[in-house]
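> The structure under discussion is supplied below as structure tokens; questions concerning it will follow.
Derivation of every value follows stated rules applied to the coordinates shown; laboratory data play no part. None of these values were measured; they are calculated from a predicted model. Cβ placement follows ideal geometry from the backbone for every residue including glycine, while neighbour counts extend to all protein chains displayed.
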Amino acid sequence: MASWIIATNESELKEGEPADYEIGGKNILLIKKDGEIFALNNNCPHMNCPFTGGKLEDHTLFCPCHKWAFDIRTGEYLVAPRLKVEIYETKVEDGKVSVLV
């Protein structure tokens, strides 16, 4: 059953800089973009490479290993949208970022 887990303080997230966290036993990447917070599984489905260190352009995250591009809003691989990275719902309350895992 899914539950909300506090991941970090919102002030810890820097705009446009992905940060990885262990949340509910999962390695999740949090990204603050245009004031909104996105959460996605931190492993590329191609070769399970972590997204940590990947480049973010607008809402597109590029895997640092092979440059595969994913939309952080949907988790879709831009070349073949049927391939997806798991995304998670987020919320901010009292300055704390929570993720539904």
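> Answer with one residue from Cys49, Ser3, Pro18: the one whose Cα lies farthest towards the positive end of the charge dipole of the chain, charges on Cβ with Lys, Arg +1 and Asp, Glu -1.
Highest projection toward the positive end goes to Cys49.
> How much of the DSSP beta bridge set in the chain is antiparallel, as a percent to the nearest 5?
Numbers: 31 of 32 bridges.
Restricted to the chain, the bridges split so that about 95 percent are antiparallel.
> How big is the charge dipole of the chain about its Cα centre, in debye rounded to the nearest 20, if each Lys and Arg gets +1 on its Cβ and each Asp and Glu gets -1 on its Cβ?
Numbers: 11 positive and 16 negative charges, 76 e Å.
Rounded to the nearest 20 debye, it is 360 debye.
> Binning at 10 Å from 0, report for the chain what percent of all alpha-carbon pair distances ends up in each bin.
Whole-percent P(r) values from 0 Å outward: 17, 52, 28, 3.
> What number results when the radius of gyration of segment 1-59, computed over Cα atoms, is divided by 2.2 N^0.38 Å?
Values: Rg = 11.7 Å, N = 59, 2.2 N^0.38 = 10.4 Å.
It is 1.13.
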